[in-house]
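Reading through the structure tokens given below for one structure.
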Amino acid sequence: MSSFWENKRVFITGHTGFKGSWLSLWLAHKGAKVIGYSIDIPTNPSIFNICEIEKYIEKSIVGDINNLDFLKESIIQAEPDIVFHMAAQSLVRESYKSPVQTYMVNVMGTVNILEAVRTCKSIRAVINITTDKCYENHEWVWGYRENENLGGFDPYSNSKACSELVTSAYRNSYFHNDQIETHKVAIASARAGNVIGGGDWAKDRLIPDIIHSLLNNKKIIIRNPDAIRPWQHVLEPLSGYMNLAEKLYELGSEYAEAWNFGPKENDVESVSWIVEKLCAKWPSDNHGYEIEKSEKMHEAHYLKLDCSKAKSKLLWKPRWSLDQALDKIVEWTLAYRNNDSLYEVCIKQITEYESI
């Protein structure tokens, strides 16, 4: 985390979402000129509004990722050095309900941002943020590597695998690594999942559901208590994305490929473990949890990433344990309950993370 970001112009799609808000805030804190592009603020409450992030970035543009003409116009006017594409329909259960919209946003949205990149001469680095769920999941006990087959059972996971394929096709067709001296753009994709942290209010996600129940003194309802996921604090993959962006900008084609960003090996835990740990950390009594009895949609039971490449080539590694990540969520949520400055809490947590 050097002075690299000072005065860099950074275009972020989906900047009002959970990860996009944390990234916008962190980059602005590092001195970057952040231009955000998003169709709306996806949750109420939202970390974007609570932390008043619009005050700290250069510009917040209201725009649809599928409005190609407006997207092109916005990115040309922004003249960014670096692009992070985070705009997405990011929920598995919602993708079952709205598959067409999911594919429109996640697949054609990727096509549109890469088409917009083709029109803008200032851009040197692009990262498409996808998900760990883009792999063809065989429920293996070992982690998936970047060269494993892409797939995805449900519309969300599959649409993100398609987004990866679009990224690869555009890199091969228009931004080939062998011709980077001509086009000057290095494109990579980043795969991370089950990101947790303060300020996540998305529906049908474990941590937001737990926090909502704890804040309202209600029993927690969970769907798949034995499902095992690579849980990680939001600052972990964001630090990886920022690290990767710096390498793409400075070294180009050497890093223009797919990358995994996951937690420490021993931080792959079950849903029930997360619920019990978080409840134990909550400072007041709670009602525990029960398992949802309604019909369940298919969700993978076991999923793990192999992050060896990021560790060896980017010298990136996760810094916080899962236990520490849960502590940070409790700290953030109690500050929210007490009407403290959440911007200050975010900056405090970012500073603590950077100091490790």
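The values are calculated or read from the model by the stated rules, or taken from the named source; none is laboratory data. Model, not experiment: these values are computed from the prediction. Cβ coordinates were reconstructed from backbone atoms using ideal geometry, including for glycine residues, and neighbour counts include every protein chain displayed. Side chains are part of the model used for accessible areas, which takes the heavy atoms of the whole protein and leaves out ligands, DNA and RNA. Shrake-Rupley method; radii C 1.70, N 1.55, O 1.52, S 1.80 Å.
Quick check on region 186-197: of everything there that is touching an Asp or Glu at 6+ places or on another chain (Cβ under 7 Å) and in a strand (DSSP E or B), which residue is surrounded by the fewest Cβ atoms within 10 Å (Cβ to Cβ)? Out of the qualifying residues, it is Ala188.
Only one of the numbered conditions (1) more than 28 Å from Ile347 (Cα to Cα); (2) assigned to a loop (DSSP other than H, G, I, E, B); (3) open to solvent by 70 Å² or more (accessible area, probe 1.4 Å) is not met by Leu165, and that is (2).
Within region 210-248, the set of residues being under 30 Å from Glu6 (Cβ atoms), in a helix (DSSP H, G or I) and open to solvent by less than 10 Å² (accessible area, probe 1.4 Å) comprises Leu235, Glu236, Pro237, Leu238, Ser239, Gly240, Tyr241, Met242, Leu244, Ala245, Leu248.
Results for (1) out of contact with any Asp or Glu (no Cβ under 9 Å at 6 or more places or on another chain); (2) in contact (Cβ under 8 Å) with a residue 60 or more places away in the chain; (3) not in a loop (DSSP other than H, G, I, E, B); (4) not aromatic (Phe, Trp, Tyr), shown as yes or no for each residue.
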{"site": "Glu269", "(1), (2), (3), (4)": "yes, no, yes, yes"}
{"site": "Glu276", "(1), (2), (3), (4)": "yes, no, yes, yes"}
{"site": "Pro283", "(1), (2), (3), (4)": "yes, no, no, yes"}
{"site": "Ala325", "(1), (2), (3), (4)": "no, yes, yes, yes"}
{"site": "Thr333", "(1), (2), (3), (4)": "yes, yes, yes, yes"}
{"site": "Thr351", "(1), (2), (3), (4)": "yes, no, yes, yes"}
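Total residues in region 198-209 satisfying the condition of being surrounded by fewer than 23 Cβ atoms within 10 Å (Cβ to Cβ), out of contact with any Lys or Arg (no Cβ under 6 Å at 6 or more places or on another chain) and not aromatic (Phe, Trp, Tyr): the figure is 6. Screening region 23-139 for strands (runs of 3 or more DSSP E) wholly inside it with 2 or more residues that are surrounded by 24 or more Cβ atoms within 10 Å (Cβ to Cβ) and touching a helix residue (DSSP H, G or I) at 6+ places or on another chain (Cβ under 7 Å) returns the ranges 33-38, 82-85, 125-129.
The listed residues are Ser341, Ser308, Ser312, Ser355, and the only one of them that is within 20 Å of the chain's Cα centre (by Cα), among the small types (Gly, Ala, Ser), loosely packed, with under 15 Cβ neighbours inside 10 Å and under 25 Å from Leu23 (Cβ atoms) turns out to be Ser308.
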